[in-house]
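The values are calculated or read from the model by the stated rules, or taken from the named source; none is laboratory data. All of these numbers come straight from a predicted model, not from anything done at the bench. Counting neighbours? That spans all protein chains shown, and the Cβs are built from the backbone with ideal geometry, glycine included. Quick note on the areas: whole protein, heavy atoms, side chains included, nothing else; ligands and nucleic acids left out. Shrake-Rupley method; radii C 1.70, N 1.55, O 1.52, S 1.80 Å.
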Amino acid sequence: MTAPASAQAVSGPGQGLAAPTITLSATHLSGAVGASGDPAVTVDVEQPGIPAGFLRLRVLSSSNPAVAGARDVRQVRTPDGNRRLTVTPRAQGYTDLTLEVTGRGGKTATATLSYAASARTADAAGTRYLTGSSDASAAVDVGGGHVLVADDESNVLRLYDRSRSGAPVKTWDLGPALGWKKESDIEGAARVGDTVYWTGSLGNNKDGKYKAERNTVFTTRITGSGAATEVAFTAAYKGLREDLVAWDAANGNRYGFAAGTAAGEVPKQIDGFNVEGLEFAPGSTTTAYLGFRAPLAPAVPGGKALVVPVTNIDRVVANGARAVFGTPVEMDLGGLAVRDIRKNAADQYLILAGSWAADDNSDPYALYQWDGIPGHAPRKRADLPTGDPGGWEAVVNVPDLRVRGARVQLITDSGSADLYGDGTEAKDLPHPEWKKSRSAWFTLR
């Protein structure tokens, strides 16, 4: 399903008039069944000497009306007389929508909008979709209703409006600054003032191979807020994995870090090695908690989730100092592992807990509240829905947890999801407009 490179003009009566033209702001668009606030496409219609408002735009045909037909497309005139189109899909799948503009003299032009609809989700009305990438893995609230999102398939940071579905407001590719051509597998983030710390997974890739890019912790500096946010790379450290292995070996190999990082060992197994959470300790700007997806501690079914403090993370990244580790924290998350950890200014923590497994979309997820103090047990605040495309991966920010009915926004990693029912994983879709992660709000009990 590909759109034509340019609109097709067709002659009609009134040979003295130039043919109209039709230009789409994007030739590919995605939506979801039952969703509200889906992305839109702007259609620019022109005919020399004729105001745009006098030109007629309609959906000429749909290649798959079961997904969306002509009556499922809504157009709103923009102040300049052009059109803004949204689609309300009927079913999951793809369709090509042929648009036709008719100008004075009966002359016409056509263009094709290739549309993809994902299935209805349990929380469809409150869902928003962040397009351009499907593998969201870490998020940082930058104020003004916007969030900075990393994904684990690239070194690109994307800025989104938290309240809307659609493409990023801005993007920053940090690959050149990091010296990487492949992804650093960003999995966790933590903010202190205007500095954001980002960590790769530190583990092997899915084939059990060591990739240097993944063994990276780096910082960026944030200026501005909201849609005016700007991001600049500042520093990186590329040896935290080795520091962790050496520390564990010096303490009796309790967590099996050396074995979990050995050649051939995949990261997402119960005794693997995979970091997915990063946050600062209560009241500290120098001690950071690393939350592990694997291993569990001890590495047996029903084991405890593992958090390891790095007590000098500031000097590690800024100066290349060897990491110093504090007493590890083992916590009962009901057999689940850390998928993200985030706190607010009052040092109230939420831990997003999920499976250590590689293919865990149907496994349980939950949110736990914690005070950040080692030895204090977390308590469950919410069970999260499963079975929808993607796994819950990132906490945007933490509300005041003392408020009854507080709500929190989460984002999925949907890279392995079959969004459109054709067996294609989202990360392999051919068009960025069709790739998307899902965000939704949940009430804490």
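Which semi-axes, in whole Å and largest first, does the equivalent ellipsoid of the chain have when worked out from the alpha carbon gyration tensor as the square roots of 5 times its eigenvalues?
On the way: eigenvalues 425, 89, 79 Å².
Computed over the chain, the values are 46, 21, 20 Å.
Residue 343: which lysines have alpha carbons under 20 Å from its alpha carbon, excluding same-chain residues fewer than 8 sequence positions away?
Candidates past the 8-residue exclusion: 380.
Taking a label point 7 Å from the Cα of residue 212 along the Cα→Cβ vector, which residues of region 154-177 have an amide N closer than 15 Å to it?
176-177, by backbone N distance to the label point.
Could you work out the Rg to Rh ratio of region 37-104, with Rh taken as the Kirkwood radius (inverse of the mean 1/r over all Cα pairs)? Numbers along the way, then the final one.
Details: Rg = 12.8 Å, Rh = 12.7 Å.
Rounded to two decimals, Rg/Rh equals 1.01.
Looking at region 230-307 from every direction and averaging, what is the projected area of its Cα convex hull in nm²? List each step's numbers first, then the result.
Working: hull surface 28.2 nm².
If you wrap the Cα atoms of region 230-307 in a convex hull and average its projections, you get 7.1 nm².
Have a look at the DSSP beta bridges in region 75-215 and tell me what percent are antiparallel, nearest 5.
Working: 34 of 35 bridges.
Bridges in region 75-215 that DSSP calls antiparallel: roughly 95 percent.
Between residue 122 and residue 263, what is the spin-label point distance in nm, taking each point 7 Å from the Cα along the Cα→C-beta axis?
Here the answer is 4.4 nm between the modelled labels.
Ratio to report: Rg/Rh of region 67-110, with Cα atoms as the point set and Rh obtained by the Kirkwood method; give two decimals. Kindly include the intermediate steps, with their values, before the conclusion.
Working: Rg = 12.7 Å, Rh = 12.2 Å.
Ratio of gyration radius to Kirkwood radius for region 67-110: 1.05.
Full extension from residue 36 to residue 23: what is 0.36 nm times the residue separation minus their Cα-Cα distance, to one decimal in nm? Don't skip to the answer; put the middle values down first.
Numbers: separation 13, 0.36 × 13 = 4.68 nm, distance 2.52 nm.
Extending this stretch completely gives an extra 2.2 nm.
Which pairs break 29 Å Cα to Cα here: 182/436; 107/427; 304/436; 181/304? Please report the intermediate quantities before stating the final value.
Numbers: 182/436 21 Å; 107/427 41 Å; 304/436 32 Å; 181/304 36 Å.
From the list (182/436; 107/427; 304/436; 181/304), the Cα-Cα distance tops 29 Å for 107/427; 304/436; 181/304.
Please list 356, 198 from largest to smallest accessible area, probe radius 1.4 Å, with all protein chains kept in place.
Largest accessible area first, the residues go 356, 198.
Once R0 is set to 30 Å, what does the formula 1/(1 + (r/R0)^6) return for the Cβ-Cβ distance between residue 169 and residue 443, expressed as a FRET efficiency to the nearest 0.05?
Working: r = 28 Å, r/R0 = 0.92.
Calculated transfer efficiency: 0.65.
Rounded to the nearest 10 degrees, what's the angle between the helix 240-250 long axis and the longest principal axis of the chain, both from Cα atoms, 0 to 90?
30
So what is the accessible area of the chain per residue, in Å², with the probe set to 1.4 Å? Walk me through the numbers on the way to the answer.
Numbers: 17510 Å² over 445 residues.
Value for the chain: 39 Å² per residue.
Would you mind classifying region 373-429 by shape? Square roots of the alpha carbon gyration tensor eigenvalues, ordered a ≥ b ≥ c; an a/c under 1.5 is rounded, otherwise it is prolate if a/b is larger than b/c and oblate if not.
Numbers: a/c = 2.99, a/b = 2.49, b/c = 1.20.
Taking the square roots of the gyration eigenvalues as a ≥ b ≥ c, region 373-429 is prolate.
Could you work out what % of the accessible surface of the chain is carbon and sulfur, using a 1.4 angstrom probe and leaving DNA, RNA and ligands out of the count? Write down the numbers at each step before the final one.
Values: 8740 of 17510 Å².
C and S atoms contribute 50 percent here.
Sort region 249-394 into rounded, prolate or oblate with this rule: let a ≥ b ≥ c be the square roots of the eigenvalues of the Cα gyration tensor; rounded if a/c is under 1.5, and if a/c is not under 1.5, prolate when a/b is larger than b/c, oblate otherwise. All intermediate terms of the calculation are to be shown ahead of the outcome.
On the way: a/c = 1.71, a/b = 1.14, b/c = 1.50.
In terms of gyration-tensor shape, oblate.
Please grab the % of Cα pairs in region 342-438 that end up more than 17 Å from each other. Intermediate results must be reported in sequence, preceding the final value.
Details: 2610 of 4656 pairs.
Roughly 56 percent, rounded to a whole number.
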